[in-house]
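Right, one structure below, let's go through it.
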Amino acid sequence: MSGRDSLIDPSPDTTLAAALRALPESAPQPDLWPELAQALPQRRRRRVWRYVLPAAIAAGVAIALLMPRSPVREDSAPPVASNPATVSSPTATQPAPAQELTQLHQRSQTLERWIAAVAARAPQDSRDLMAAVEVEDLIGLVDVQLGGARGDADALPLWRQRVALLEDLATIRGTAFALAENGDAERANPASLNLVN
Amino acid sequence: MSAASFQIEIPELVLARARRGDARALEQIYRAFERPAYTLALRIVGDADNAREVMHDAMLRLIERIAQFRGDAPFWGWLRQIVVNEALMRLRRERGAMFEDIDEREEPAGDAPAPWVLADAARLERALGGLPALTRSVLWLYHVEEYTHQEIAEMTGKSVSFSKSQVARGGVRLRRLLDNEEVAPCLAATA
């Protein structure tokens with residue numbers, strides 16, 4: 001649209017353009033969103049099969065191939081768990097909110113330290129960088145919400161969300177790190193990372 | 001109503017959530033563009049049922065592809081192109097009439113104000129409905145959405161001179177429809 005044809009045609013009928021633009025806008029009736037919302041899970045499943053699964057398989061194969069040469073000790077990366085509360089207390093059935101909060105704080109700190117150390121050493125391609133920035137934005141949003149949380153009951157789901165996002169971020173950063181370290185194994189200094197956790 | 005009505009900025013955070021499949025973020029995007037997208041579809045396909053179908057298909061396409069949107073161009077422009085493509089595809093599928101041509105000779109306009117200056121919205125919408133679908137689409141894409149003739153030629157699979165002639169002839173036909181009160185099937189808005 002840049003440049004427009006008015007440069008070529010100096011006399012477009014501006015009154016017609018103005019009259020057409022002045023026509024009222026319309027909306028679909030009845031509301032279309034409920035139909036679209038119903039189609040959402042189906043579409044998402046299809047998307048997962050199309051993009052995420054092949055990507056996950058590729059990432060798994062890459063990591064399996066690269067890990068033996070990686071200078072990072074196996075225990076240097078924080079364990080990823082769907083429910084962080086169970087990581088350090090496998091025997092606990094349902095921790096009390098205060099206890100779970102403490103565990104989430106600890107896990108959050110561990111993840112942050114690990115991510116900070118890895119991020120400083122691993123170059124990111126633009127795609128990973130964009131994904132990482134998006135996740136960091138979401139973490140920032142959760143932090144804002146945490147600032148306004150009243151009591152443990154409000155804070156608990158937000159801390160769970162924060163830890164889940166940090167785990168996402170760790171996955172993004174960690175993959176880049178594994179790839180970078182594999183290509184740079186001779187020059188890498190494993191000790192610096194092993195101190196992190 | 002103009003291209004500017006489509007120029008809605010969506011916050012990066014909402015886009016990020018939508019890329020992750022967050023239904024609320026997708027609804028937020030849908031609500032923001034509901035009216036300009038549907039209106040554009042309506043002007044191209046010419047009736048409410050088809051416009052609704054276009055909108056439905058365009059939004060599903062958006063949901064499927066939003067993860068691929070990388071932010072190199074404005075989001076609204078990306079979405080608008082999806083809507084235009086869906087609408088033109090539907091026209092091609094549903095009507096051979098898309099490519100019907102009109103043969104209007106350009107006439108000197110004289111000093112009198114153009115009839116669309118004086119016409120109310122309902123009358124102008126009826127007259128628009130009297131134009132062949134492709135002519136109406138080209139007229140709308142050029143005057144309202146501010147696409148260039150080159151862009152319109154690429155989207156319709158026609159030449160630049162064809163786009164220019166449709167804009168010129170469409171204007172003449174519209175003038176005649178309004179002058180003569182040749183009223184076509186209603187293309188009135190539904191909301």
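Fully extending the segment from residue A:18 to residue A:145, taken as 0.36 nm per residue of separation minus the present Cα-Cα distance, adds 41.2 nm. Along the range B:131-139 the Karplus relation, 6.51 cos²θ - 1.76 cosθ + 1.60 evaluated at θ = phi - 60°, assigns HN-Hα couplings of 7, x, 4, 5, 4, 4, 5, 4, 4 Hz to successive residues, with x for each Gly and Pro. What the Cβ-Cβ distance of residue B:12 and residue B:179 gives, at R0 = 45 Å and to the nearest 0.05, is a FRET efficiency of 0.35.
Spin-label model, residue A:98 to residue A:171: label points 7 Å out along the Cα-to-beta-carbon direction sit 3.4 nm apart.
Rule-based calculations on the coordinates, nothing more; no lab input. For clarity, every value in this text was computed on a predicted model and none was experimentally measured. Note that each Cβ is placed from the backbone with ideal geometry, even for glycine, and that neighbours are counted across all protein chains shown.
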